[in-house]
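Comments concern the structure below.
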Amino acid sequence: MFPSSKFKGISCPYFPECPRGDSCFFSHELSKSEPDDEPVVASVKKMPMRNEVLSFRQPPPAAPVVLLREAGAMASLPARMKYDAVQTLTGKNAAAPPPTNLTDRPSAAGKRPGDALLEQPPSKRPSVVPNSFAAGNKPAPFVSAAGSRVLSAATPAAIIYSPKPREMPPMPTGNFLPGKPPQLGPDLHSKIERKKRQNVVNQYFTEFSRIYAPLLADHPTLPHVHALQQEKAVMAKATIKTYINAAVSTIRNLKKRPVAVSATDVGIDGEWVAPPEIYSPEHQAKLEPLIAPESELVKHGYSLPPKEPVIVEPADQQIPQEEGEDQPAEQHKCSRCDREFTLIWPLDEHAQTACLHHWGSVRTFKRSGTKDRLYICCQEPVGHPGCSRGPHVFKEEGRDELDRRIPFTFLPDPADSPGAEKVVAIDCEMSYTTAGMELTRLTVLNYLGTPIIDELVKTTFPVLDLNTRWSGISSLDDAKYDLAGIKELMGKHLNSSTIIIGHGLENDLNAMRIYHRRIIDTAILFPHPSGLPRKYPLRVLTQQLLRRFIQQGNEGHDSVEDAKACVDIVQLRVEKGDGLYIL
């Protein structure tokens, strides 16, 4: 058609990636000699007609320019966009109808200018965004996709490549204000009026606030969250015509729902599960006859409030001494060896091992047809010298002596603690201090057996012996509460009408310095046939009634395990009635 040297005076637009190599009609030598900072440009002289190919040559100085990569990308655009882009580059009016195709015929290299872009995977293809500027505005320079070539600011328009897609702005969320219903955010997918939906949310919030009233102190935003979740669940199942009916039905169900009895008694309508029957009024009515009468409490050594007010000593006489301060000498009887001793703090080296005693109790064993009473700690007969050493310790049991050391208090009234549990189980661990036995661990379980409090407690007076063999406590370094702090925490879960379950609770209540009358004591429910002071150990009751073994380890008692055993025994007693007894 034409001599092969006709285009040798024009540098190859595809160099150095020209597929034709040395057989290319254009010059590769001129392309090598051109400086790198001068882009190869395409001159758009006129509107290309059908079956015409864009010719590449050096542009005149005044011609608008565009990078070759952008010009090649036009081949992959729809016809309307190609036409608009070329018209904008040439400055011509776009009133004429657009051509159907700009590059019908392949170039001399065998490929259309935009084919290189089309060969890339869709995820790596740059997005094409046309840009235009109002007359009189001076646009800032544009940077190409490679980031190294800058188009002139005088260029009237350009095709910009954006390597990252635009991100959607975050959806607004409602603000949770105490006592006020949450506000719905805009929802473009909803076909129900936002005002109508907001009215439904307000009614949900009112009902959830009533249901969760006992829990608001610890979970103030729970009604807000569940009101929004409830509305979302109803809207997902309903249509435009059935939305109101579904909302009314849900509100009716929420109105029938009782007030939450614990932190686990939560959930939206359709997901909420009613608490077990043991929380029902009928079941709790069966607990009332099991509450020990006041006469039984007095027999078992419970401290009850005096009928007449007691004059409390001045506060300066009750301030406990620090561990490094000397205290006046006090005469006491050791709870371990029954010897009289004088307590002087701090203990000297001799006082730390002055007590020789048996830590185990006495039991009757049969040997060769005879019965012997032996200590379980060393298997020696009664009267044998002790097998363990430690400091002398004492335990005060009289109400007046205990109140003189640390005053007793009452649990809060039901009106001051509306979220309190109706029934709990308590077990405490105590240690010996210079003021007798003090609380060092408190465990509180709800009626389902779930722990709601399990904390170490700092003692008010210096520690003589942590009683690790029985309490399982070896250190109080991790304790977060003192006695006043743990009683304040108890006030959130217990009040004066709460039924407290336990075994031998007179010791626990004395250690906590709390007056309380609504007590179910498993030691009173199942008295020892020999009468007081004999009592069945909790270990024996659990084995006989529940067929379960507890207190089997050598690292002290587990207060959670003991409290759970008391709950299970009482529930079994309610189920079986008076037919439950010890063999």
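So for the pair Gln352, Ser249, with labels modelled 7 Å out along Cα→Cβ, what separation do we get in nm?
Result: 7.5 nm between the two label points.
So what is Rg over Rh here for the range 460-571, counting just Cα atoms and using Kirkwood for Rh? Working shown, then result.
On the way: Rg = 15.5 Å, Rh = 15.9 Å.
Here the Rg-to-Rh quotient is 0.97.
Might you tell me the accessible area per residue for the range 447-583, computed with a 1.4 Å probe and given in Å²?
46 Å²
Explain nothing, just compute: Karplus ³J(HN,Hα) = 6.51 cos²θ - 1.76 cosθ + 1.60, θ = phi - 60°, for every residue of the range 559-572 in order, whole Hz, x for Gly and Pro.
5, 5, 5, 5, 5, 5, 5, 5, 4, 5, 5, 5, 4, 5
Amide H neighbours of Ile514 under 5 Å, counting only residues 5+ apart in sequence or on other chains, H built in-plane at 1.01 Å?
Those lying under 5 Å, H to H, from Ile514 are Thr409.
Write down the accessible area per residue of the range 184-302 in Å², having rolled a 1.4 Å probe over the full set of protein chains. Show your work: numbers first, answer last.
Details: 6900 Å² over 119 residues.
Solvent-accessible surface per residue comes out at 58 Å².
Which ³J(HN,Hα) values, rounded to whole Hz and listed in residue order, are derived for the range 404-419 from phi using the Karplus coefficients 6.51, -1.76 and 1.60 in 6.51 cos²θ - 1.76 cosθ + 1.60 with θ = phi - 60°, glycine and proline given as x?
These are the phi-based 3J(HN,Hα) values: 5, 6, 9, x, 7, 9, 10, 6, x, 5, x, 5, 8, 9, x, x Hz.
Any idea what the alpha-carbon Rg over 2.2 N^0.38 Å comes to for the range 175-311?
Details: Rg = 22.1 Å, N = 137, 2.2 N^0.38 = 14.3 Å.
Rg over 2.2 N^0.38 Å, computed on Cα atoms: 1.55.
Taking 0.36 nm per residue of sequence separation and subtracting the Cα-Cα distance, how much length would be gained by fully extending the chain between Ser368 and Asp400, in nm to one decimal?
6.6 nm
State, in angstrom, two size descriptors of the range 323-457 derived from its alpha carbons: Rg to one decimal place and Dmax to the nearest whole number.
Calculated on Cα positions, Rg and Dmax stand at 20.4, 65 Å.
Leaving ligands, DNA and RNA out of it, report the carbon-plus-sulfur percent of the accessible area of the range 479-583 at a 1.4 Å probe.
Whole-percent figure for carbon plus sulfur exposure: 47.
Run the numbers for Ser295 and Leu489: contour at 0.36 nm per residue of separation, minus the present Cα-Cα distance, in nm.
Value of the extension gain: 66.8 nm.
Can you compute the modelled spin-label distance between Ile240 and Val382, with each label point 7 Å from Cα toward Cβ, in nm?
9.1 nm
What FRET efficiency comes out for Glu282 versus Leu476 if R0 is 41 angstrom and r is the Cβ-Cβ distance? Round to the nearest 0.05.
0.40
Between Phe176 and Glu271, take the C-beta separation as r, use R0 = 22 Å, and let me know the FRET efficiency to the nearest 0.05. Show your work: numbers first, answer last.
Working: r = 21 Å, r/R0 = 0.94.
According to the calculation, E is roughly 0.60.
Under 5 Å between amide hydrogens, which residues at least 5 positions from Ile453 or on another chain qualify, with H placed 1.01 Å from N in the peptide plane?
When sequence neighbours closer than 5 places are left aside, the close amide H contacts are Val444.
The values are calculated or read from the model by the stated rules, or taken from the named source; none is laboratory data. None of the values given here were measured: they were computed from a predicted structure. FYI the Cβ positions are ideal-geometry reconstructions off the backbone, even for glycines, and counts take in every protein chain you see. Each accessible area value is taken on the protein alone, full model and side chains, heavy atoms only, with ligands, DNA and RNA left out. Shrake-Rupley method; radii C 1.70, N 1.55, O 1.52, S 1.80 Å.
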